[in-house]
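What follows is a set of notes on a single structure, which appears directly below.
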Amino acid sequence: MPSARWAYVNGQYLPHAIAGVHVEDRGLQFADAVYEVCAINDRRLMDEEEHLDRLERSLRELDIPMPMARASLKLVLRELVRRNGLRDGIIYLQVTRGIARRDHAAPSGLRPTLILTARPVNPAVLAARRQSGVIAISHPDERWARCDIKSTALLPNTLAKTAARRQGAFEAILVDGEGYVTEGASTNVWIVTKEGEIVTRNLSHDILPGVTRRVILDAAAEAQMRITQRRFTLQETKSAQEIFLTAATLGATAVIELDGSPIGGRRPGPISQRIQSLYADLARRRAIPSA
Ligand code: PDD
């Protein structure tokens, strides 16, 4: 059973502790890079095709070539799961534009850098978090105008998340200049209104098209549950019956307190729980064993 941690950088599997990139990699110098985060559940890569679709889209939007053919990338993902002996965990995949002498203008023809790291996650910790629910704060959305691209340029997200953690909260729910919720610092946000309407923000340049969000929409359609995709304000969020967050690393996890006010009696509500079980079921059915 392998126990050492392995990373993959540009064609080489390396011990995690010594894996690194060049000092003039544009990912390091400018955050000129995109990423994906994929959960491993029972040795399976969850929502793999959707993550690779979004990776290709992010790269296309920034005119960065795919670092290798998709089929080869899938083999590398599987090998990394195997080498790390991961049963449950997370894979982080980053593609930067490549290495060049520092200049804001990107030269053409660079060879993209591919970085993959992996780490185990204790599924009991995720389950306990889903059972208890989490605390959130609201925070101004101070990001750029292309939040649909999964760029590693995450400074506003990390500042918001750090502010949340300092206040004892798990997530920062971002609010745009008009008072509408965009998404979480690293999650999509959903509400269930007092009338029972399940709402998540419509896709645009303002939010990341979450893979978990996408799969939940499919699972809900299968179960003939109606979901509305529209903007909703922070005010509406605070008076919601339920709030939940979705991400590859979380599934659907309920928010039980927002800005100090209890949501749904400080307990995860039935819709959040139903959505999580529909998501887990569909994602598992779609996943192919990786090792
Ligand atoms: N974050 N919105 C933002 C800003 C995100 O960073 C993420 C994911 C999501 C949810 O997307 P998905 O369902 O595809 O994971 C929404 C990952 C987990 C991260 O940065 O660690």
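The values are calculated or read from the model by the stated rules, or taken from the named source; none is laboratory data. Since we're looking at a predicted model, the values are computed, not measured. A quick note on method: Cβ atoms are made from the backbone with ideal geometry, for glycine too, and the neighbour counts reach across all protein chains shown. When the accessible area is computed, the model is the full protein with side chains, heavy atoms only, and any ligands, DNA or RNA have been set aside. Shrake-Rupley method; radii C 1.70, N 1.55, O 1.52, S 1.80 Å.
Largest first, how would LYS194, LYS74, LYS238, LYS150 line up by accessible area (1.4 Å probe)?
The residues order as LYS194, LYS238, LYS74, LYS150, largest area first.
For LYS150, what is the net charge nearby, where nearby means another residue's Cβ is under 9 Å from its Cβ and Lys, Arg count +1, Asp, Glu -1?
Net of charged neighbours comes to 0.
Just need the Rg to Rh number for the chain, please, alpha carbons only, Kirkwood Rh.
0.97
Tell me the Kirkwood hydrodynamic radius of region 223-278 in angstroms, computed as one over the mean inverse distance between distinct C-alpha pairs.
Radius from the Kirkwood sum: 12.1 Å.
Quick one, can you get me the convex hull of the C-alpha atoms of region 127-286 expressed as volume per residue in Å³?
Spelled out: Cα convex hull of region 127-286, divided by residues, is 105 Å³.
Report the trypsin sites (Lys or Arg not before Pro) located in region 91-149 that are in a DSSP loop and have at most 16 other Cβ atoms inside 10 Å of their Cβ, or state none.
Passing both the DSSP loop test and the Cβ count: ARG101, ARG102, ARG146.
Any chance you could look up the accessible area of MET46 with a 1.4 Å probe, heavy atoms only, rounded to 10 Å²?
10 Å²
Using a 1.4 Å probe on the protein heavy atoms only, what accessible surface does SER204 show? Give it in Å² to the nearest 10.
40 Å²
What does the accessible area per residue of region 68-225 come to in Å², with a 1.4 Å probe and no ligands, DNA or RNA counted?
Solvent-accessible surface per residue comes out at 46 Å².
Taking the Cα centre as origin and putting +1 on Lys and Arg beta-carbons and -1 on Asp and Glu beta-carbons, what dipole magnitude results for the chain, to the nearest 20 debye?
840 debye
Under a Cβ-only charge scheme (Lys and Arg +1, Asp and Glu -1), can you give me the dipole magnitude of region 127-286 about the Cα centre, in debye to the nearest 20?
So the magnitude is around 540 debye.
What percentage of the solvent-accessible surface of the chain, computed with a 1.4 Å probe over protein heavy atoms, is contributed by carbon and sulfur atoms?
Carbon plus sulfur share of accessible area: 51 percent.
From the Cα trace of region 1-137, what convex hull volume per residue do you get, rounded to a whole Å³?
In region 1-137, the Cα hull volume divided by residue count equals 143 Å³.
Obtain the radius of gyration and the Kirkwood radius of region 95-185 from its C-alpha atoms and give Rg over Rh.
We get a ratio of 1.08 for region 95-185.
Roughly how many Å is it from the Cα centre of region 77-144 to that of region 205-246, as a whole number?
If we compute the Cα centre of each part, the gap is 23 Å.
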